[in-house]
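The values are calculated or read from the model by the stated rules, or taken from the named source; none is laboratory data. Only a predicted model underlies this, so the values are computations on that prediction, with no experimental measurement involved. Virtual Cβ from ideal backbone geometry, glycine too; neighbours counted across all protein chains shown.
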Protein chains: 2
Amino acid sequence: MSCPFSPDASRRGFFRTAAAGVLAAAAGAPALAEETPSSEPFHGPHQGGIATPQQKHVYFVALDLTAKQRDDVTALLRAWTMAAARLTRGLPAGPISTDVNAVAADGGDTIGLPPARLTLTFGFGAGLFMKDGRDRYGLAVRRPAALVDLPVFHGDQLDPARSGGDLCIQACADDPQVAFHAVRELVRLAYGRADLRWAQTGFLPDTPAGETGRNLMGFKDGTNNPHPDHAPRADVPRRFDDVVWVGAEGPDWLRGGSYLVVRRIRISLEHWDRTEVDFQEEVIGRHKYSGAPIGKAGEFDALDLASEDQEGNLVIKETAHVRLGAAAVNDGAQILRRAYSYNDGANFTALRWPPWRQGMMYDAGLFFLAWQRDPRSGFIKIFENMSRMDALNQFTTHNGSALFVCPGGIAGADFVGQRLFEAS
Amino acid sequence: MSCPFSPDASRRGFFRTAAAGVLAAAAGAPALAEETPSSEPFHGPHQGGIATPQQKHVYFVALDLTAKQRDDVTALLRAWTMAAARLTRGLPAGPISTDVNAVAADGGDTIGLPPARLTLTFGFGAGLFMKDGRDRYGLAVRRPAALVDLPVFHGDQLDPARSGGDLCIQACADDPQVAFHAVRELVRLAYGRADLRWAQTGFLPDTPAGETGRNLMGFKDGTNNPHPDHAPRADVPRRFDDVVWVGAEGPDWLRGGSYLVVRRIRISLEHWDRTEVDFQEEVIGRHKYSGAPIGKAGEFDALDLASEDQEGNLVIKETAHVRLGAAAVNDGAQILRRAYSYNDGANFTALRWPPWRQGMMYDAGLFFLAWQRDPRSGFIKIFENMSRMDALNQFTTHNGSALFVCPGGIAGADFVGQRLFEAS
């Protein structure tokens, strides 16, 4: 029988025994590494939450470092790593003491819940390496060349309060409370060393296994995403590993890591919902109901970008979203999209283009999360063109943006990013 | 085999056949009333979403009527009722045509998804009956006495942009996309007759069946809620039906209806997370881990409000949340709490009380939805005292508020609230 306050008792175990009124001392309890079917591994060659089959919910936060010294940063990352290893197994962030006359090491709001496939993914923004001209932690020389400042894209309407950050945590789980709880516990560990900068929730529909989910625009989203288990296809010419993970071209400490581009993309859903289906299909370049490229029958049929109709017009328009995102028109550039929809209620908005409506509108859209081994040959390459040409832009507004470099996987007793700090 | 574009084909059926490239004309398709295991009934003696076992997600909107005439209002309610009956069965809001050169009767973002136990619950605010001194629809004389203007409670910091509304729709489902989709389709039907006023998402943890879920403060929430299948207990003296449904005391058109009080309650989670467990327990009046009243062992043990410790102090403090909410101290008043947690990211907040922190803080807390047969003897009765005395108030801020009267269930071809319009 597991001890309810053991650091290694699962939340379910804790819950059952605590609910039955059984109390036991924490000291000397045996370590029971309990991997339930709903837990995702924390240790491994890569961080979780990237190649992991996508969970239904995300809670994402960016933080600004206030730590004065490098040792405070490494202490924070060490604390985060220890807590994250526990949380992803469904354990409280730290052992819950029997002494109730103290602040608990975990807020307790996930007691009794399964791990819900929680993953916690950590990333570093440019501000870790250099901020306001100051090399706060002696890491400036270690800033990877690929950790660029994102260019200003055509149409950007970025809100600083939804952009940037020195650190990020992506919490993905099948239960929104599990994701939020994990971040709350980690942010609590950062008190005095890092402050919350912005936060965003996201969700996916409960799409049956093996099918491609639909986004808020009603189109299947992710058909041409690289997949860890799939061989390259005509539309997806490069292998998943080749697209996502930093290799020998990056610094040693970053092998097996990845770059995360985050964009908060509001969609004018009221406007979209009033447009004809064939217009929507022209904008996207796919049939709405089947997901097939225009003119094709099957969702996974290859995009034929050269095909013309009887009048000599391109079947998939020059401004179609799928054309502008295709590897074939971007010198082979590919990214892993691991996006969520977001829904933040409604607020007053004045559209600056047709139909020029103003009023309360949904603050909803796509919380875009894209992974790649190098953003210069990934998102930036693709979006520079897309931001100018994509017919979809008349419905979308990018109002948040960030780029993070995410170290590789965590082994044994290491903390996330340890090799960066040891190397310099 | 079902016709993919039949008004009565389920989303799953539509999806399967549409994905296979099968198209068929809509005309004359047989009506296949397909109730899947994950659908909740739309017709019945009461509206769904009240006594319905609580779904995992809510999307709630309030709207302001812009309709000039009463007939426009009834036409809207008729359209809403027809669409809602379909949506709750997992059907598109209206039949999806094979003609893609048209705006579709449904945006399509839930094609392929199960009904996810969707319920749609409609309510009327005071503004339907009288607004800005104008009896727009000839309903002023029908305003029920119990549809009062909520009093200003101690500590209220209400934002008009999160309060009020002439109409409301509560969409609850186990899938957030299903809930949002349903409201989008209904709001689309309201174009030109009603405008969105405010919107709010909420969620619950995936608590194992039969257990009481924990809120964001880590406490079990809902232990003493009335339950349709439970006999009254010492702490829950009145039957569910007696607490929730309007009876002979209300107008004829409202029999079987209920009143909904909505409060958006921000919780200072950063502050809460830094407090000792025994302090939290004193504030709530229950043990955190077991959920038992302080001094008791079992979650469902009766509150003993008179019990004193050896020094003669009340075991459950005078300011404890459970004491102030108990029927025993509120002349027997009870309500059905059917609340959700909300998580809207973070924003800049300056606390006006200890610990006087300021900075980016979670905009998260409780989206409180409470049902009762009369708000004067329900929420208002309980909260007038609680808003002044509750120790929990040091962590909570009510920043949104509304009261709606929700008609009884819908029968046959009636539309929601039909008897109100026919009666006057």
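The set of residues from the stretch B:309-330 being under 18 Å from residue B:391 (Cβ atoms) and either of a type in the set (Asp, Glu) or within 14 Å of another protein chain (Cβ to nearest Cβ) (or both) comprises B:309, B:318. Selection over the stretch A:167-183 of residues that are farther than 26 Å from residue A:70 by Cβ and either surrounded by fewer than 23 Cβ atoms within 10 Å (Cβ to Cβ) or polar (S, T, N, Q) (or both) gives a count of 2.
Of the residues making up the stretch B:197-229, just one is aromatic (Phe, Trp, Tyr) and more than 7 Å from chain A (Cβ to nearest Cβ), namely B:219. Confirm whether residue B:103 is part of a loop (DSSP other than H, G, I, E, B), within 13 Å of chain A (Cβ to nearest Cβ) and aliphatic (A, V, I, L, M). Yes; evaluated as a whole, the condition is true for this residue. Restricting B:281, B:249 to those that are modelled with pLDDT of 95 or more, assigned to a loop (DSSP other than H, G, I, E, B) and acidic (Asp, Glu) reduces the list to B:249. Of all residues in the stretch B:371-400, those satisfying the criterion of being small (Gly, Ala, Ser) and surrounded by fewer than 21 Cβ atoms within 10 Å (Cβ to Cβ) are B:377, B:387, B:391. Do we find that residue A:333 is of a type in the set (A, V, I, L, M, F, W, C), more than 12 Å from chain B (Cβ to nearest Cβ) and touching a helix residue (DSSP H, G or I) at 6+ places or on another chain (Cβ under 8 Å) in this structure? Yes; evaluated as a whole, the condition is true for this residue. Would you mind stating whether residue A:111 is β-branched (Val, Ile, Thr) and farther than 29 Å from residue B:358 by Cα? Here the answer is yes, as residue A:111 does meet what is asked. Among residues that are away from chain A (no Cβ under 14 Å) and at pLDDT 95 or above, residue B:164 is not included. May I ask you to verify whether residue B:140 is surrounded by fewer than 17 Cβ atoms within 10 Å (Cβ to Cβ) and either within 14 Å of chain A (Cβ to nearest Cβ) or among the polar types (S, T, N, Q) (or both)? For residue B:140, the condition - surrounded by fewer than 17 Cβ atoms within 10 Å (Cβ to Cβ) and either within 14 Å of chain A (Cβ to nearest Cβ) or among the polar types (S, T, N, Q) (or both) - is not met.
For the stretch B:43-74, name all the residues that are under 16 Å from the mean Cα position of the chain (by Cα), buried (at least 16 other Cβ atoms within 10 Å of the Cβ) and part of a loop (DSSP other than H, G, I, E, B). Result: B:46, B:47, B:48, B:49, B:50, B:51, B:52, B:54, B:55, B:56.
Residue B:198 meets each of the listed conditions (1) crowded, with 23+ Cβ neighbours inside 10 Å; (2) of a type outside the set (D, E, K, R); (3) part of a loop (DSSP other than H, G, I, E, B) apart from (3).
Among what's in the stretch B:255-300 and is crowded, with 21+ Cβ neighbours inside 10 Å, within 30 Å of residue B:408 (Cβ to Cβ) and of a type in the set (Lys, Arg), pick the residue that is nearest to the other protein chains (Cβ to nearest Cβ). For the stretch B:255-300, the residue satisfying everything is B:264. Within the stretch A:372-424, being of a type in the set (Ser, Thr, Tyr) and assigned to a helix (DSSP H, G or I) holds for A:377, A:387.
So residue B:399 clears everything in (1) within 14 Å of chain A (Cβ to nearest Cβ); (2) at positive phi except one condition, right? Which one? Every listed condition holds for residue B:399 apart from (2).
The single condition among (1) hydrophobic (A, V, I, L, M, F, W, C); (2) surrounded by fewer than 24 Cβ atoms within 10 Å (Cβ to Cβ); (3) in contact with a strand residue (DSSP E or B) (Cβ under 7 Å, 6 or more places away or on another chain) that residue A:189 does not satisfy is (3). Residues in the stretch A:201-230 that are within 17 Å of residue A:299 (Cα to Cα), assigned to a loop (DSSP other than H, G, I, E, B) and free of Cβ contacts under 8 Å to residues at least 24 places away in the same chain: A:207, A:208, A:209, A:210, A:211, A:213, A:227, A:230. Residues that are more than 22 Å from residue B:48 (Cβ to Cβ) and surrounded by fewer than 22 Cβ atoms within 10 Å (Cβ to Cβ) within the stretch B:78-104 comprise B:95, B:97, B:98, B:99, B:100, B:101, B:102, B:103, listed in sequence order.
Within the stretch B:336-367, if we keep just the residues that are out of contact with any helix residue (DSSP H, G or I) (no Cβ under 9 Å at 6 or more places or on another chain) and among the aromatic types (Phe, Trp, Tyr), the residue that is farthest from the other protein chains (Cβ to nearest Cβ) turns out to be B:356.
Of all the listed residues (B:304, B:331), the sole one being in contact with a strand residue (DSSP E or B) (Cβ under 9 Å, 6 or more places away or on another chain), surrounded by fewer than 22 Cβ atoms within 10 Å (Cβ to Cβ) and outside any helix (DSSP H, G or I) is B:304.
Okay, residues lined up against (1) within 12 Å of chain A (Cβ to nearest Cβ); (2) part of a loop (DSSP other than H, G, I, E, B); (3) touching a residue at least 60 places away in the same chain (Cβ under 8 Å):
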| position | (1), (2), (3) |
| --- | --- |
| B:76 | no, no, yes |
| B:109 | yes, yes, yes |
| B:120 | no, no, yes |
| B:144 | no, yes, yes |
| B:182 | no, no, yes |
